[in-house]
Amino acid sequence: MPKKIFKKRKGQVSLPLIFGGLLLLGVAFVFSLHLLSNSITGSDDQTKNLTHQEFIDELVPHAKELQQGYGILPSIILGQAILESNWGESQLASQYNNLFGIKASENQNKISLETKEYVNEQWITIQGDFRVYNSWDESLDDHTMLFVNGTNWNPQLYAGVLTATNYQEAAQALQTAGYATDPDYANKIIDVIKTYNLEQYDH
């Protein structure tokens, strides 16, 4: 008996080809969504569930570069980053690369989030506009330039942080300048530096 020959009709596409095409479209769609998500949040996925030491190691090289360029102690950069960002795990740090809680002005890329501030001897929750950065290194740069340039109303506001010869002096200068509203801010920075031996990176 002769074998039947099945001819493909004109315009007919095989099922495996259709399935393969749909699979490729699906993968491309998911990949596009991932890119869109990163674009919206501004995150570059730096946290990666870092241990405490890995977080420190991530920041040390650039912190030492900033010390060489501007005189700021790496222990202060690291101590503030740890305290302000909860080891890079806060929403502001992990999604928007802002390690230091630096506020944004009108024309800067920003995100509005809830924050706690100490006002009239009590903690209150307010809505604040915070800077959005492309990377943690960019956040470190802006943090240092705040100390270098000061503020519009006082360019010398943070001069004491840059001229401090040790982290205790620098921490007190931060509190005197009003970097944070927390009345115990300097002691908290000093405790973090002591606990994790961050002074070793100053030398």
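The numbers here are math on the coordinates, done by the rules we state, and not lab data. As the structure is a computational prediction, the values presented were derived from the model and not from experiment. Cβ: placed from backbone, ideal geometry, glycine included. Neighbour counts: every protein chain shown.
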query: So between Asn197 and Asn166, what do we pick up on full extension, going 0.36 nm a residue minus the alpha carbon distance?
result: 9.8 nm
Estimated FRET transfer efficiency when R0 is 30 angstrom, pair Thr151-Val60 (beta carbons, to 0.05): 0.60
- line: The summed charge of the Asn166 Cβ neighbourhood (under 11 Å; Lys/Arg +1, Asp/Glu -1) stands at -3
field: Net charge contributed by nearby residues that have their C-beta within less than 15 Å of Gln108 (K/R +1, D/E -1)
entry: -2
